[in-house]
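Enquirer: Quick one: this structure, given as structure tokens, is what I'll be asking you about.
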Amino acid sequence: MMNLKLKLRLDSFKPYIALGIILFLMGIPRAFSQTLPIPGGDEDSAASEQLVEAIRIKINAVDPTAQSNPAGRNAPGFRGPNQFILYSPDYGATTKTNESGAEITVLGDHVEAISSGNSPIPPNGYVISGHGRSGLWLKRSVKLGDVVSFQPELMTLTIKTTPEVYLRQVDDAIRRARSGALSGDRRYQAVLSQSESCGADLRTMAVEEGLSKPFIQKAEQCRRLADKAFYYTIPDFSQSVRGVWVRPVEKTPQDIEKSVQNIVSAKIQDIFLETYFQGETLYPSQVMASYGLPEQHAQFKGWDPLQQWVDIAHAHGLKVHAWFQTFFAGNRDISLEEYGPILHHYPEWANVQRSALSQKHPMSSTVEDGHYFLDPANPEVRTFLHKLIDEIVTHYPVDGINLDYIRYPASLHKEQSG
């Protein structure tokens, strides 16, 4: 028997588990891959390495309630931090979760949809929901068409990838490319033909080799060709917006120049520059100072990055929009002052949840854990923010204002809010 080749991979969530061997993990799946050469095969030949991708995960709760799953008592859908939850039709019409995770919809024994939250629960299937790290794992690891089985006595879920999953991905990509056809475009026709030939070869490989490394590589090649064909069908409108959202980290004008050149090389035309974030400003603000708040983010003191970004970007023919986190006051994991500088000085400006009415200090959002918000209904808050926006557009030739977080914090579903 040939020796097992085992390689831990801490930089990927994608497991490769060969010859039907299944890894069982409590809670969050750990990333690792292993390759077992087929007995009697050529150990040095990539074509002889056959894979069966499968993984088993622990389900924390089925159709949870505040009583059956205390970890999710105060969370949407009663889904606790980093948990895997199974929602059956007995739970209701939807999962009632929020977007802080990912969900897969299972019909029969196949994954038919992947979404972010509050998924419809099919009458002939179920939904697997993951929060936080578990949700991230679902997004990165599960594919449409994966075969899924639930073992209720063990509270475990097995997810297996077969060749049909990759064939489906390629077929879907080719179908999309065909649907967007632009007649007469020779580049489109040539690349589409290549993707179709590649897809035909892939079906032959599926029969002859099964789920091998060369098969997976071939599938990726076919999908990329189909995607390239589809891109040729997208009209190039001269007035379209090609933008990038930037949280600045540059320390000098020279650094900004390099960043802008990279943006230009990517053919991006609009920069949405984070200008007011975490309750502080990128630029030296007289408005902030007049309210007794820090004049500028500490990391940028001594110069005016906003002015440099605008000047340098405009010199390259780009537009700059001030990205403005309207009612977001800060995050306790980032700010040295737990509530952020604004709520530290003006705690009465805080948005207050019903469950926190008796608290004497600002409380972070229950759903958006660690996030503090200003109260949109407070006229003093609105006056303060209006002054900041007026200061930006008056003193800097920005091309627009991108109002982010112009909302109340995400809330619990009405059935859980009390």
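Enquirer: Taking into account only those residues within segment 258-275 that are in a loop (DSSP other than H, G, I, E, B) and in contact with a Gly (Cβ under 9 Å, 6 or more places away or on another chain), which is nearest to His321 (Cα to Cα)?
Expert: Checked segment 258-275; the qualifying residue nearest to His321 (Cα to Cα) is Gln269.
Enquirer: Step by step: first the residues of segment 300-310, then only those that are over 13 Å from Ser259 (Cα atoms) and of a type outside the set (Phe, Trp, Tyr), then the one that is farthest from the chain's Cα centre (by Cα). Which residue is that? Outline the logic, then answer.
Expert: Of the residues in segment 300-310, the ones over 13 Å from Ser259 (Cα atoms) are 300-304, 306-307.
Next cut, of a type outside the set (Phe, Trp, Tyr) only: 301-302, 304, 306-307.
On the way: Lys301: 32, Gly302: 35, Asp304: 31, Leu306: 28, Gln307: 31 Å.
In this case the residue turns out to be Gly302.
Enquirer: Also, quick follow-up: Is it fair to say Ala315 is loosely packed, with under 13 Cβ neighbours inside 10 Å, more than 25 Å from Val287 (Cα to Cα), among the aliphatic types (A, V, I, L, M) and at pLDDT 80 or above?
Expert: Considered against the rule, which asks whether it is loosely packed, with under 13 Cβ neighbours inside 10 Å, more than 25 Å from Val287 (Cα to Cα), among the aliphatic types (A, V, I, L, M) and at pLDDT 80 or above, Ala315 comes out as yes.
Enquirer: Could I ask something else about it? Against the definition (crowded, with 16+ Cβ neighbours inside 10 Å and in a loop (DSSP other than H, G, I, E, B)), how does Pro235 come out, yes or no?
Expert: no
For (1) under 30 Å from Asp304 (Cβ atoms); (2) out of contact with any Leu (no Cβ under 9 Å at 6 or more places or on another chain); (3) free of Cβ contacts under 8 Å to residues at least 60 places away in the same chain; (4) assigned to a loop (DSSP other than H, G, I, E, B), each residue gets a yes or a no:
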site: Val352; (1), (2), (3), (4): no, yes, yes, yes
site: His361; (1), (2), (3), (4): no, no, yes, yes
site: Thr366; (1), (2), (3), (4): no, no, no, yes
site: Thr383; (1), (2), (3), (4): yes, yes, yes, no
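Enquirer: I've got another one for you. Go through Asp255, Asp201 for me and flag whichever is more than 30 Å from Ile312 (Cβ to Cβ), of a type in the set (Asp, Glu) and either modelled with pLDDT under 90 or in a helix (DSSP H, G or I) (or both).
Expert: Asp201
Enquirer: Still on this structure, I have one more. Please work out which residue is farthest from the chain's Cα centre (by Cα), limiting yourself to segment 106-158 and to residues that are within 16 Å of Asn82 (Cβ to Cβ) and charged (D, E, K, R).
Expert: Checked segment 106-158; the qualifying residue farthest from the chain's Cα centre (by Cα) is Arg133.
Enquirer: Return yes when Ser240 is among the small types (Gly, Ala, Ser) and over 23 Å from Arg187 (Cα atoms) and no when it is not.
Expert: no
Enquirer: I need the full set of residues from segment 278-301 which are of a type in the set (Phe, Trp, Tyr) and farther than 16 Å from His344 by Cβ, in order please. Full working, then the answer.
Expert: Narrowing segment 278-301 to residues of a type in the set (Phe, Trp, Tyr): 283, 291, 300.
Tyr283, Phe300, listed by residue number.
Enquirer: Still on this model: Anything in segment 154-190 that is surrounded by 19 or more Cβ atoms within 10 Å (Cβ to Cβ) and either under 17 Å from Pro235 (Cβ atoms) or of a type in the set (D, E, K, R) (or both)? List them, or say none.
Expert: Answer for segment 154-190, where residues must be surrounded by 19 or more Cβ atoms within 10 Å (Cβ to Cβ) and either under 17 Å from Pro235 (Cβ atoms) or of a type in the set (D, E, K, R) (or both): Lys160, Ala177, Tyr188.
Enquirer: Just the residues that are in a loop (DSSP other than H, G, I, E, B) and under 25 Å from Thr162 (Cα atoms), please, taken from segment 89-118.
Expert: If the condition is that a residue be in a loop (DSSP other than H, G, I, E, B) and under 25 Å from Thr162 (Cα atoms), then Gly108, Asp109, Ser116 are the ones that fit.
The values are calculated or read from the model by the stated rules, or taken from the named source; none is laboratory data. None of the values given here were measured: they were computed from a predicted structure. Virtual Cβ from ideal backbone geometry, glycine too; neighbours counted across all protein chains shown.
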